[in-house]
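Below you'll find the structure, written out as structure tokens, and then a few comments.
The values are calculated or read from the model by the stated rules, or taken from the named source; none is laboratory data. In this text the structure is predicted, and so the values were computed from the model without any measurement. Neighbour counts are summed over all protein chains in view; Cβ atoms, including those assigned to glycine, are modelled from backbone coordinates with ideal geometry.
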Amino acid sequence: MTTFLQILVNGLMLGGLFAIVSIGLTLIFGIVKVVNFAHGEFLMAGMFITWLITTRLGLHPYAAVIIVVPALFVMGALTQRLLIQPLMSARDDHVQIFATVGLSTALINLALLIFGADIANTPAHGLRAPISLGPVRVLTGQLYIFGAAIALVVALHLMMKHSQIGRAIRAVAQNRSAAELMGINVNRIYILSFGIGAACVGLAAVLIAPLYPTSSNIGTYFVLTAFVVVVLGGLGSIPGAFFGALLIGMLDALSGFYIGSDLREAVVFGVFLVILILKPSGLFGNRRALSHLS
Amino acid sequence: MLKLENIHAGYGPTTILQNVSLEVKEGEIVTIVGANGAGKTTTLRTIAGLIKPKQGSISFCGEDITRLRGDQVVDRGITLIPEGRQLFGDMTVRENLLIGAFRAAARANHERRLDEVLSIFPRVRERLDQAAASLSGGEQQMVAIARGMMAQPKILMFDEPSLGLAPIVVSQVFDIVRQIAGTGTTVLIVEQNVYTTLKVADRGYVLENGQIVLEGQSEALLNDDHIRQAYLGI
Ligand SMILES: Nc1ncnc2c1ncn2[C@@H]1O[C@H](COP(=O)(O)OP(=O)(O)OP(=O)(O)O)[C@@H](O)[C@H]1O
Ligand SMILES: [Mg+2]
């Protein structure tokens, strides 16, 4: 029984991790309607910056948040302004896909150039120490990630629902030309939204860096799962991404233990496919899945 | 107040509007009438900054606004209530109205404005917390008009506000247009409902195949032979 509980909790923690990585991706997709294939590399960039700050300045890794989140916001905003926006009039989504894939490759190579192929270990400052929650144990850092994922979902929800800028963002996501008729500068909303999405993955990077070794291919490692989570939850849905991530995390942990760790991915993708066949718009997707934000 | 001079505009390579010139003076109700596909919506979308003219110029209160983006045009005080309403269907009626007050000049006192606007639309008040998509067509049109009013524009443009509505609702819509004009807002209205619109408007323009073929005072147009034959079926 304790084993089962422990596995459930492991799954939950893994789910929190997947959630915090995925929220920015689904947010950008839901508003800007662009699949950011460089999302994983944004994560990588954030993790490297966290590593630099932690090792060079000897600070607690979480202190890096005050640099990494704004830095990633700027990175996302610039990506939208300089890369995506000029291509938006191309009317051909493929061009945007190639652009973000290109950005992803460029960032990986840039990381190799700067940091080499070595692994960068961010000092854990106690975040890898287990703590007991009743009969089960989790890593301190994992617990913080889980809490941060929930806080992020709630914060974004409140912003989208109760601020004028949040309403403007949802208006643009639903009907961009009607939004323009309301006096909303649509391009500025896209830049802001891309920035917010990237800032979210920046937060994820700070929280993940002390737990996972950073390398130029760390983004690839996380982003495939993030895509599964985002599609499963319903493209563009933030609560969808959260619950999709918990589901994937649970499946991963349960199948890893009961079926075998080499079959984990087969189970995860098998369930993913079945759910998509039964509900193609994803768990939280609706007819207008692409605009369903809240 | 609003002046279009020799506007040529269209979609991609096709030119729809040819040499359109028109003027709306402060406090007027002006209408553009014309058959399906004449270019009425294209004209309003060009004024609203959603379509860039290929030639010609648009000025508003003495300022050249030909090249402004849609949101900048709204900032100047020109609001379009689009054809087909274009509400944000997943958002509540209240949220739709609040978004209407996005323009800087309208944001500050939006609470008071909301009250004013809702006093004109009691039905909308009852539906404030419903998703806009769940309303009936007539109610949605009222929300679209109310949303446009929330911007507190100097000139409010209506694109076929009576489209698809029952006769009783149509007459309500025209009452509201009159009421809005009565508060000092300038109105430019596009309609296929030629007779009723000319009854409400001070002046009118007739658009055929992207060109202005006739213009004048409403009474004059109502008595014009061409109008009577082509649009009034008399
Ligand atoms: N997005 C578009 N792309 C290409 N052509 C368009 C587009 N929208 C309208 N047109 C064409 O432009 C012409 C004028 O259309 P417009 O919508 O301005 O007419 P309208 O007078 O508003 O008609 P209606 O009374 O039916 O609304 C039509 O021939 C139409 O086919
Ligand atoms: Mg039209």
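In the stretch B:187-222, of all residues being within 15 Å of ligand 2 (Cβ to nearest atom) and surrounded by fewer than 18 Cβ atoms within 10 Å (Cβ to Cβ), the one that is nearest to the other protein chains (Cβ to nearest Cβ) corresponds to B:Gln192.
Per-residue answers, yes or no, for (1) modelled with pLDDT under 95; (2) more than 16 Å from ligand 1 (Cβ to nearest atom); (3) farther than 30 Å from B:Asn223 by Cβ:
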{"residue": "B:Ala144", "(1), (2), (3)": "no, no, yes"}
{"residue": "B:Gly148", "(1), (2), (3)": "no, yes, yes"}
{"residue": "B:Ala151", "(1), (2), (3)": "no, yes, yes"}
{"residue": "B:Leu163", "(1), (2), (3)": "yes, no, no"}
{"residue": "B:Pro167", "(1), (2), (3)": "yes, yes, no"}
{"residue": "B:Thr185", "(1), (2), (3)": "no, yes, no"}
{"residue": "B:Val194", "(1), (2), (3)": "yes, no, no"}
{"residue": "B:Ala201", "(1), (2), (3)": "no, yes, no"}
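Taking the conditions (1) within 16 Å of ligand 2 (Cβ to nearest atom); (2) of a type in the set (Gly, Ala, Ser); (3) within 13 Å of chain A (Cβ to nearest Cβ) in turn, B:Ser162 satisfies each one other than (3). Among the residues of the stretch B:11-46, just one is part of a strand (DSSP E or B) and at positive phi, namely B:Asn19. Residues that are closer than 19 Å to B:Pro153 by Cβ, more than 7 Å from ligand 1 (Cβ to nearest atom) and crowded, with 19+ Cβ neighbours inside 10 Å within the stretch B:2-42 comprise B:Leu2, B:Leu4, B:Leu22, B:Val24, B:Ile29, B:Val30, B:Thr31, B:Ile32, listed in sequence order. I need a count of the residues in the stretch B:43-54 that are away from chain A (no Cβ under 14 Å), more than 8 Å from ligand 1 (Cβ to nearest atom) and surrounded by 19 or more Cβ atoms within 10 Å (Cβ to Cβ). The qualifying residues number 1. For the stretch A:175-182, the condition of being surrounded by fewer than 22 Cβ atoms within 10 Å (Cβ to Cβ), hydroxyl-bearing (Ser, Thr, Tyr) and not in a helix (DSSP H, G or I) holds for none of the residues. Applying the criterion of at least 2 residues that are out of contact with any helix residue (DSSP H, G or I) (no Cβ under 7 Å at 6 or more places or on another chain) and surrounded by 17 or more Cβ atoms within 10 Å (Cβ to Cβ) to the helices (runs of 4 or more DSSP H) found wholly in the stretch B:62-140 leaves B:70-76. Put simply, of A:Thr220, A:Thr214, A:Thr225 the only residue that is on the phi < 0 side of the Ramachandran plot and touching a strand residue (DSSP E or B) at 6+ places or on another chain (Cβ under 6 Å) is A:Thr214. Taking the criterion of being more than 14 Å from chain B (Cβ to nearest Cβ), farther than 30 Å from A:Ser215 by Cβ and of a type outside the set (Asp, Glu), would at least one residue in the stretch A:171-179 satisfy it? No, the stretch A:171-179 contains no residue that is more than 14 Å from chain B (Cβ to nearest Cβ), farther than 30 Å from A:Ser215 by Cβ and of a type outside the set (Asp, Glu). Of all residues in the stretch A:151-191, exactly one satisfies the criterion of being more than 19 Å from A:Leu25 (Cα to Cα), touching a residue at least 24 places away in the same chain (Cβ under 8 Å) and of a type in the set (A, V, I, L, M, F, W, C), namely A:Ile165. Taking B:Gln179 and the conditions (1) within 16 Å of ligand 1 (Cβ to nearest atom); (2) away from chain A (no Cβ under 14 Å); (3) in contact (Cβ under 8 Å) with a residue 24 or more places away in the chain, which numbered condition does it fall short on, given that it satisfies the others? Failing condition for B:Gln179: (1). The single residue among B:Gly164, B:Gly184 that is under 17 Å from B:Ile78 (Cβ atoms) and surrounded by fewer than 18 Cβ atoms within 10 Å (Cβ to Cβ) turns out to be B:Gly184. Scoring A:Ile131 on the criteria (1) more than 9 Å from chain B (Cβ to nearest Cβ); (2) in contact (Cβ under 8 Å) with a residue 40 or more places away in the chain leaves a single failure, condition (2).
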